[in-house]
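**Q** I have a structure I would like to understand better, so I am pasting it below and will then ask my questions one at a time.
The values are calculated or read from the model by the stated rules, or taken from the named source; none is laboratory data. Bear in mind that the values here come from a model prediction, so they are computed numbers and not experimental data. Don't worry about glycine lacking a Cβ; one is built from the backbone with ideal geometry, like all the others, and counts go over all protein chains shown.
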C-alpha cells in the first residue's frame with residue numbers, strides 16, 4: 001500500500017546537505033521570491049546546467065579581424081589615454 005505524500009508525485013524527494021550560510025541564503029531567496037526552497041534549488045540546477053553546456057567558442061569571435069597588429073605593440077600612454085591618464 002503506497003504511503004501518502006505531502007509533495008507532488010511528479011517529483012522525487014531527496015536530501016541535500018548545506019552549511020548554515022547556504023541554508024540561510026536558500027531560505028532568504030525563497031522568501032524574497034515567494035517560491036519554495038525546492039523551486040529555488042531546481043532553478044539553480046537548471047541555470048548551472050545551461051552555463052556548463054553553453055557554447056564556449058566565443059573567445060575567438062573576431063580574433064582574425066584587423067590589421068594583424070597586437071595590443072602589446074601599442075605604446076602604454078596611448079592605451080591609458082582612454083582611462084583619463
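**Q** Quick test for you: out of 51, 81, 72, pick the one residue that is closer than 30 Å to residue 12 by Cβ and modelled with pLDDT of 80 or more.
**A** 51
For every residue, the table says whether it meets (1) surrounded by 10 or more Cβ atoms within 10 Å (Cβ to Cβ); (2) in a helix (DSSP H, G or I); (3) modelled with pLDDT under 90.
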| position | (1), (2), (3) |
| --- | --- |
| 15 | no, no, no |
| 32 | no, yes, no |
| 38 | yes, yes, no |
| 42 | yes, yes, no |
| 58 | no, yes, yes |
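**Q** Looking at (1) surrounded by 10 or more Cβ atoms within 10 Å (Cβ to Cβ); (2) modelled with pLDDT under 95, can you tell me which one residue 22 breaks?
**A** Tallying (1) surrounded by 10 or more Cβ atoms within 10 Å (Cβ to Cβ); (2) modelled with pLDDT under 95, residue 22 fails exactly one: (2).
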